[in-house]
Amino acid sequence: MDHFEMVEKLSQKANVTYEEAKATLEKCDWDMLDALVMLEAAGKVKTTPETAARYTTQAQPEPTPVQTSGKQEFVSGLQKLWNFICKLFQKGNANSFTIFRHQEEVVTMPVTVLVLLVVFIWPLSMILLFVGLFCGMRYKFSGPDFGENNAVNHAIEKAADTVQKEQEK
């Protein structure tokens, strides 16, 4: 960088006149950092919002971190848990579980209801689902989270086909 560019840059950075920048650089043997420090020490650096935040040799106090209490963290954790549970219920209510018999729809219920049945009366619900396969029942999940080529529905169909083949023997 030639002397002219250095003077222009110091003039812009320190927000001083061209003459002040040139004189200071000449005194500092064209060292940009020394010139800036000298201008600052002489109180000639005119700070603007753009330069004030970036160019200073004075020590800046470190920002104090925002301290959260254990209670705030606990409340935040509960809020995240509540949001997660709400999203699960929304997904469960948007999707459905359907029971068919001889290609006719027998029962359709939200997945949320199926999950609650399995959780609270799991032995009875599992036995009923299993026995239903032997009585010609077919099961299917449908909704925005279950497409046509869904692996869960494919596995349920495969199990129902296997039970039907065994009954035919």
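The values are calculated or read from the model by the stated rules, or taken from the named source; none is laboratory data. As the structure is a computational prediction, the values presented were derived from the model and not from experiment. So basically every Cβ, Gly included, is an ideal-geometry build from the backbone, and we count neighbours across all protein chains shown.
Here are the numbers for the structure shown:
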{"item": "Positions within region 1-24 being among the hydrophobic types (A, V, I, L, M, F, W, C) and within 14 Å of Val45 (Cβ to Cβ), in sequence order", "result": "Leu10, Ala14, Val16, Ala21"}
{"item": "Qualifying residue in region 106-117 (condition: out of contact with any strand residue (DSSP E or B) (no Cβ under 6 Å at 6 or more places or on another chain) and either within 30 Å of Leu36 (Cβ to Cβ) or surrounded by fewer than 12 Cβ atoms within 10 Å (Cβ to Cβ) (or both))", "result": "no"}
{"item": "Single unsatisfied condition, Thr56 versus (1) surrounded by 12 or more Cβ atoms within 10 Å (Cβ to Cβ); (2) out of contact with any Leu (no Cβ under 6 Å at 6 or more places or on another chain); (3) modelled with pLDDT of 75 or more", "result": "(3)"}
{"item": "Region 79-91 residues that are within 16 Å of Leu116 (Cβ to Cβ), paired with ones that are assigned to a helix (DSSP H, G or I) (beta carbon under 7 Å, 6 or more apart)", "result": "Phe89/Thr112"}
{"item": "Qualifying residues in region 123-169 (those that are among the β-branched types (Val, Ile, Thr) and farther than 22 Å from Ala94 by Cβ) - the one surrounded by the most Cβ atoms within 10 Å (Cβ to Cβ)", "result": "Val163"}
{"item": "Check on Val45, of a type outside the set (S, T, N, Q), at pLDDT below 80 and more than 30 Å from Phe130 (Cβ to Cβ)", "result": "yes"}
{"item": "Checklist (1) modelled with pLDDT of 90 or more; (2) closer than 30 Å to Asn153 by Cβ applied to Gln103, failing item", "result": "(1)"}
